[in-house]
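Scroll down for the structure; my scribbles are underneath it.
The values are calculated or read from the model by the stated rules, or taken from the named source; none is laboratory data. Since the model is a prediction, treat every value here as computed from it, not as a measurement. We place every Cβ from the backbone using ideal geometry, glycine too, and count neighbours over all the protein chains shown. Just the protein is used for accessible areas: all its heavy atoms, side chains included, with ligands, DNA and RNA removed. Shrake-Rupley method; radii C 1.70, N 1.55, O 1.52, S 1.80 Å.
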Amino acid sequence: MAFQNEPSLSQPLLPDAIEALQTTHAVKGFLPANEAAVLYEVAKEYSRLGPALEVGSYCGKSAIYLAHAVRHNQQKVYSVDHHRGSEEHQKGEGYHDPQLYDEAAKRVDTLPEMRKNLRLCHVEDDVIPVVARSEQLAQHWATPLSFIFIDGGHSQEQATADCLRWIEHLMPEGVMAIHDIFERPEEGGQAPFYALQSLLGMHPLKIVRREGSLVIVAWH
Ligand code: SAH
Ligand code: MG
């Protein structure tokens with residue numbers, strides 16, 4: 001029997017439809033619908049200029065929104081994750097999911113779940129998964145990016161390294177989106193917020209949009 005490729009949906013979907021698709025397939029993740037809609041909208045606008053990249057794939061939730069955004073412009077989104085989970089995803093921590101634990105390796109492994117979700121949501125051609133430590137990949141990266149979404153590790157060191165290393169790869173006309181920005185400790189962890197302060201202090205960038213904990217910055 002001839003090998004048949006899965007059909008890829010040719011028409012990009014709007015955020016509501018992407019949300020419905022993800023609900024149908026029970027895509028796990030950490031991105032509220034209002035933030036997802038803004039992420040989609042901004043990525044769609046800026047990916048006219050070139051490829052997009054996100055740090056923090058987890059199970060593909062944000063990547064699926066970004067896939068539909070970049071598809072409008074015949075572009076791709078690189079989705080970077082070591083797939084071993086952040087601190088809070090480890091066994092015994094608050095956001096641990098036993099279904100995402102590889103018993104043989106005794107490690108979290110979100111890659112099989114992400115792959116499944118990209119397939120079920122028909123975006124395998126739009127997303128280029130990269131299994132890597134963000135900070136290592138940033139050192140070797142050479143392609144200018146139109147849109148960067150930072151949603152990786154939440155230690156202070158990691159959050160700051162992600163912002164400062166990836167900004168070097170943002171096009172002059174591009175934008176960077178950063179997730180989990182909470183100004184007050186009672187709202188959530190402060191590391192991404194302090195990372196954003198470092199970024200704004202070291203580069204001529206300004207905040208151009210906010211939605212929930214999602215902040216978008218652009219060059220002055
Ligand atoms: N964007 C996702 C959520 C990401 S959760 C969504 O829409 O649901 C954060 C992810 O960052 C985790 O999957 C974790 O494995 C990844 N991560 C943490 N530190 C990292 C690092 N140093 N390099 C690459 N990925 C990292
Ligand atoms: Mg996040």
Might you check whether a residue that is touching a helix residue (DSSP H, G or I) at 6+ places or on another chain (Cβ under 6 Å) and within 16 Å of ligand 1 (Cβ to nearest atom) occurs anywhere in the range 202-211? yes
Taking the stated definitions as given, is residue 109 farther than 21 Å from residue 177 by Cα, of a type in the set (D, E, K, R) and open to solvent by 10 Å² or more (accessible area, probe 1.4 Å)? yes
For the range 56-72, indicate whether the set of residues that are out of contact with any Gly (no Cβ under 6 Å at 6 or more places or on another chain) and open to solvent by 20 Å² or more (accessible area, probe 1.4 Å) is non-empty. yes
Out of (1) within 26 Å of residue 88 (Cβ to Cβ); (2) surrounded by fewer than 18 Cβ atoms within 10 Å (Cβ to Cβ); (3) within 16 Å of ligand 1 (Cβ to nearest atom), what's the single condition that is false for residue 169? (1)
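Let's see how each residue does on (1) touching a Pro at 6+ places or on another chain (Cβ under 9 Å); (2) open to solvent by 70 Å² or more (accessible area, probe 1.4 Å); (3) assigned to a helix (DSSP H, G or I):
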| residue | (1), (2), (3) |
| --- | --- |
| 88 | no, no, yes |
| 94 | no, yes, no |
| 99 | no, yes, yes |
| 115 | yes, yes, yes |
| 128 | yes, no, no |
| 149 | no, no, no |
| 158 | no, no, yes |
| 161 | no, no, yes |
How many residues does the range 29-55 hold that are more than 11 Å from ligand 2 (Cβ to nearest atom), open to solvent by less than 30 Å² (accessible area, probe 1.4 Å) and either closer than 19 Å to residue 109 by Cβ or not in a helix (DSSP H, G or I) (or both)? 5
